[in-house]
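Report on the following structure.
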Amino acid sequence: MYMRVETRTSSCLHLKRAPGIRSWSLLVGILSIGLAAAYYSADSLGWKLFYVTGCLFVAVQSLEDWEEAIFDKSTGKVVLKTFSLYKKLLTLSRVDHDQVVVLLNDIRDVNVEEEKVRYFGRGYVVVLRFATGFSHPLTQSAVMGHRSDVEAIAKLIATFLELYHLESPVELSQSSDSEADGPGSQS
């Protein structure tokens with residue numbers, strides 16, 4: 001699942017994402033290697049603690065982030081928040097969430113982009129396109145698997161923001177010109 005809908009009203013759309021099953025499986029797998037190395041080794045207690053802590057460090061580093069997106073029409077803002085367990089443990093402080101705040105009026109388009117995920121294939125992510133020409137992904141990491149899940153979230157956001165893909169007047173006039181120049185017309 002790409003993101004789940006936490007709250008959906010006419011004025012607020014709240015989406016959340018937690019680490020997926022692949023991420024948790026990787027954490028358990030790496031941590032179990034450290035525990036097995038500590039259990040079966042004949043090394044001193046210091047080395048055994050090093051094995052476990054080292055593998056815990058790598059396992060937490062590979063864990064995906066918790067992410068949320070809040071589209072609020074009453075404030076006219078979008079807040080994209082990211083929480084990383086790795087960053088929290090590394091800094092050992094009360095670091096707030098990383099967040100990006102954008103005005104709703106600046107969003108011009110919402111679409112799905114394909115990203116290449118090293119060793120695993122292709123992943124998909126929702127991208128917000130702004131009036132300034134910049135774009136920002138809705139989440140920091142792409143989801144592997146079904147593109148339809150990601151497209152459903154993109155369509156939900158576009159519907160909530162009332163962004164409809166209409167042909168521009170230039171495209172309409174070009175398409176009518178090309179129909180007039182078709183094989184049935186004579187010059």
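The values are calculated or read from the model by the stated rules, or taken from the named source; none is laboratory data. As the structure is a prediction and not an experimental result, all values here were calculated from the model. Cβ sites come from the backbone with ideal geometry, for glycine too, and all protein chains shown count toward neighbours. Heads up: the accessible areas ignore ligands, DNA and RNA and are worked out on the full protein's heavy atoms, side chains in. Shrake-Rupley method; radii C 1.70, N 1.55, O 1.52, S 1.80 Å.
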When you check Thr91 against the structure, is it at pLDDT below 90 and under 30 Å from Ser148 (Cβ atoms), yes or no? no
Where Thr139 falls short, out of the listed (1) in contact (Cβ under 8 Å) with a residue 40 or more places away in the chain; (2) in a loop (DSSP other than H, G, I, E, B); (3) open to solvent by 60 Å² or more (accessible area, probe 1.4 Å); (4) under 21 Å from Arg8 (Cβ atoms): (3)
Set Leu15, Leu31: member being of a type outside the set (D, E, K, R), under 30 Å from Ala158 (Cβ atoms) and surrounded by 14 or more Cβ atoms within 10 Å (Cβ to Cβ): Leu15
Please work out if Glu68 is within 26 Å of Val127 (Cα to Cα), among the acidic types (Asp, Glu), under 15 Å from the mean Cα position of the chain (by Cα) and not in a helix (DSSP H, G or I). yes
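Just to check your reading of the model, which residue among Glu64, Glu68 is buried (at least 17 other Cβ atoms within 10 Å of the Cβ) and at pLDDT below 90? I'd like the intermediate steps shown before the answer.
Values: Glu68 fails: at pLDDT below 90.
Testing whether each residue is buried (at least 17 other Cβ atoms within 10 Å of the Cβ) and at pLDDT below 90 leaves just Glu64.
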Select from segment 142-151 the residues that are free of Cβ contacts under 8 Å to residues at least 60 places away in the same chain and open to solvent by 60 Å² or more (accessible area, probe 1.4 Å) and list them in ascending order. His146, Arg147, Ser148, Glu151
For the condition open to solvent by less than 70 Å² (accessible area, probe 1.4 Å) and aromatic (Phe, Trp, Tyr), what is the one hit in Tyr119, Tyr86? Tyr86
So which of Arg108, Arg118, Arg129 is under 21 Å from His14 (Cα atoms), of a type in the set (D, E, K, R) and within 17 Å of the chain's Cα centre (by Cα)? Arg129
Of residues in segment 94-105 being open to solvent by 60 Å² or more (accessible area, probe 1.4 Å) and either in contact with a strand residue (DSSP E or B) (Cβ under 7 Å, 6 or more places away or on another chain) or modelled with pLDDT under 85 (or both), the one farthest from Ser135 (Cα to Cα): Arg94
Residues located in segment 35-53, provided they are hydrophobic (A, V, I, L, M, F, W, C), under 24 Å from Leu90 (Cα atoms) and either open to solvent by 50 Å² or more (accessible area, probe 1.4 Å) or not in a helix (DSSP H, G or I) (or both): Leu35, Leu45, Trp47, Leu49, Phe50
